[in-house]
Amino acid sequence: MTIKRTWWKEAVGYQIYPSSFMDTDGDGIGDLNGIRSKLDYLKELGIGFIWITPIYESPNVDNGYDISDYQKILSTYGTMEEFDLLLKEAHKVGIKIIMDLVINHTSNQHSWFLESRSSVKDDYRDYYIWADGTIDGPPNDWVSIFGGSAWEYDEMTKQYYLHVFAKEQPDLNWENPRVKRDLFSMINWWLDKGIDGFRVDAISHIKKAPLETSSENDPFASFKNVPGIEVHLEELRDVFKNRDILTVGEANGVSAEQAHQWVGETEGYFNMLFEFDHISLWNKEEQETLDVVHFKQAITRWQEALADGKGWNALYMENHDIPRSVSSFGSEETVFWKASAKALALTFLLLQGTPFIYQGQEIGMTNMPFASIEDIDAVDTKNFYYEMIHAGVEPVKAMEVIRRTARDNSRTPMQWTAEEYAGFSKRKPWMVINPNKQEVNVLDELADPDSILNFYKKVIRLRTENQALIYGTYKLYLPEHPQLFVYGRSLGEERFIVIINLSKDFASADLPKNVRIEEWQLELCNLNEHTIHQHTIFAPYEARIYKHKIAKQ
Ligand code: GLC
């Protein structure tokens, strides 16, 4: 099948976490004018679109993912006029904007919920999911992704409401057609404004199993990709239809085998999905490390499931919900930091799909050495910390776990310079700044031809200039190799091969016989250039990309 060409397949995306990106009004919190002031930086990097995490009115219990008014901008970020200006100027420099669409739940301060909880007879009662308790308390044993029961008792009407996330984030009742009508009209309002698409938050949770279902086997199974969800998703797809937009769904619980149904070229609900096979979400206890074989299997499963025009992938190694990739999958050690951050860039930027870079990833930002729980903002992390303390875990030990796993690791302010507030703000920011801003910052990396930032630029340019790296097929080599990730991309005669040592140790390999290395020309590497042979030893985190010499230009 030939693959249809579109802008969102060719562009590279960049995720902005606005409160930590750039502050221009000196309140220590990033803002819309801050994003606007960095459009040239993003353009230079080679970015085609930005995804901005929620900037709507919100009490910020879950930093914007608890929306109290979908059609207002939170004042700390700016005004709707400033948003319009950002959109206009971004379009002028050729950068599109996609917004976060949080429609599984609202804030408990949203007017719909305030109405809903006021009386069982209220017109908005069925906008949310209410149920009577049992003698044991909550209506059933479902647990929230953010810890504790998924039900909250409301004194006012003596019933419980459902919240898959924090108790301040009540779940909307998608079985109520009026809920969908109101959400869809809000979506159209934003699209009519001229935005270029949506990252659709937590969308695999909108359908709930019957309340009698027990959550014994998988604590989240009763609200994760539950059969019947397709009815709602088809209606949502019809809202997106006929618009030239990018839609990417956050799809916890959707397998590679089911993916074509979600993102199939003609009938899919979205253009692409953020899957959780290669990176796990909500992993609170353990630091994620890289099992190279498992990682390759997960990536390959998705690459193959959506090959030949069956669908399209969203590619990422970082976002605002997981610790920094260089800290989890690469190495913070001075000798390895730069090489490993570059190796991780080649690991995901050139696969089949649309890459999303998370702010700061392009300069190799690392996890934060959080001193105490007071430095933490994220609601789930705080809950988890106190759960540990109540269970008798020593505070020092609990903090060690938090330091490795907290999602705030990726939410520290962007490091623009080595100045006191990292060039992010003129005042002490809302969130602690990583002390390594001296060594890791945009200004210095712009000036250093060998920096991680300049490596990202080169890789992005390579992708943009070579159709095979966008539309080509994917092939995995050496699947069982425990250190190397070797993959090929090809389109017609244009062929590339990427070789990455994803470990701290030297890796030796016999390259596959059908890849005769003398026929290939080095395009880019992250360590010293040297000739490699059919049997070669790769240095720790060495990463290279080759193009076949006989390929037509
Ligand atoms: C998504 C967001 C996350 C948020 C959650 C609840 O997973 O990425 O940040 O906390 O949804 O809205």
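Of the set (1) crowded, with 16+ Cβ neighbours inside 10 Å; (2) at pLDDT 95 or above, all apply to ASP244 but (1). Looking at this structure, is VAL263 surrounded by 15 or more Cβ atoms within 10 Å (Cβ to Cβ), more than 16 Å from the ligand (Cβ to nearest atom) and more than 23 Å from the chain's Cα centre (by Cα)? Here the answer is no, as VAL263 does not meet what is asked.
The residues of the range 469-525 that are touching a Ser or Thr at 6+ places or on another chain (Cβ under 8 Å), among the charged types (D, E, K, R) and over 21 Å from THR289 (Cα atoms), listed by number, are LYS475, ARG489. Could you check the range 415-449 and list, in sequence order, the residues that are touching a residue at least 24 places away in the same chain (Cβ under 8 Å), surrounded by fewer than 19 Cβ atoms within 10 Å (Cβ to Cβ) and of a type in the set (Asp, Glu)? Scanning the range 415-449 gives a single hit, ASP444. PHE356 meets all of the listed conditions (1) within 16 Å of the ligand (Cβ to nearest atom); (2) touching a residue at least 24 places away in the same chain (Cβ under 8 Å); (3) more than 22 Å from PHE496 (Cα to Cα) but one, namely (3). Within the range 12-29, the set of residues being under 16 Å from MET99 (Cβ atoms) and touching a residue at least 60 places away in the same chain (Cβ under 8 Å) comprises GLY13, TYR14, GLN15, ILE16, TYR17, SER19, PHE21.
For the range 142-202, give me every one of the strands (runs of 3 or more DSSP E) that falls completely inside it and has 3 or more residues that are more than 12 Å from the ligand (Cβ to nearest atom) and either of a type in the set (Phe, Trp, Tyr) or more than 23 Å from the chain's Cα centre (by Cα) (or both). Here the list reads 151-154, 159-162. Restricting the range 104-134 to residues that are hydrophobic (A, V, I, L, M, F, W, C) and open to solvent by less than 70 Å² (accessible area, probe 1.4 Å), which is farthest from the chain's Cα centre (by Cα)? Ranking the candidates gives ALA131 first. When LEU86, LEU74, LEU101 are checked against the criterion of being open to solvent by less than 60 Å² (accessible area, probe 1.4 Å) and within 13 Å of the ligand (Cβ to nearest atom), LEU101 stands alone in meeting it.
Out of everything in the range 60-71 that is open to solvent by 20 Å² or more (accessible area, probe 1.4 Å) and out of contact with any helix residue (DSSP H, G or I) (no Cβ under 7 Å at 6 or more places or on another chain), what residue ends up being nearest to the ligand (Cβ to nearest atom)? Top of the filtered list is ASN60.
The values are calculated or read from the model by the stated rules, or taken from the named source; none is laboratory data. Because the structure is a prediction, the values reported are computed rather than measured. Positions of Cβ are generated from backbone atoms using ideal geometry, with glycine treated the same way; all protein chains shown enter the neighbour counts. Calculation scope for accessible area: heavy atoms of the full protein, side chains included, ligands and nucleic acids excluded. Shrake-Rupley method; radii C 1.70, N 1.55, O 1.52, S 1.80 Å.
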